[in-house]
Amino acid sequence: MLWDSGNWRNRRVGIATGIEGLGIGKALLGLVVDEFRATDIPRLFLGCSTDPRARSHGFYRHLGWVPTGVIDALNDEVLEYHFR
């Protein structure tokens, strides 16, 4: 992750197909969310494929990320996570 113009940015994170389902992606994302939860940042954003067949499409939604209705410059749907 890097700090860019007042925002944290990360290009891509993924788990190899052969080791999906072991909880690694969920654990990694949980660590990131927990780090930001400890700050005064009220929500996080990420870009995700708009294709329901994409592996990431259901993954983030299952973990509480919700669509914003925005499509970014990479043609990804912007999802957000609100801290509870």
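The values are calculated or read from the model by the stated rules, or taken from the named source; none is laboratory data. Source: prediction; values computed, not measured. When we count neighbours, we look across all protein chains shown, and the Cβ atoms used for this are built from the backbone with ideal geometry, even at glycine.
Of the residues making up the stretch 52-65, those that are surrounded by 12 or more Cβ atoms within 10 Å (Cβ to Cβ) and charged (D, E, K, R) are Arg55, Arg61. For the stretch 57-75, the set of residues classified as polar (S, T, N, Q) and either touching a strand residue (DSSP E or B) at 6+ places or on another chain (Cβ under 6 Å) or in contact (Cβ under 8 Å) with a residue 60 or more places away in the chain (or both) consists of Thr68 only.
Every condition in (1) at pLDDT 90 or above; (2) surrounded by fewer than 10 Cβ atoms within 10 Å (Cβ to Cβ) holds for Thr68 except the one numbered (2). For the stretch 31-56, give me the residue count where each residue is part of a helix (DSSP H, G or I) and either modelled with pLDDT of 90 or more or farther than 19 Å from Ala16 by Cβ (or both). Counting residues in the stretch 31-56 that are part of a helix (DSSP H, G or I) and either modelled with pLDDT of 90 or more or farther than 19 Å from Ala16 by Cβ (or both) gives 5.
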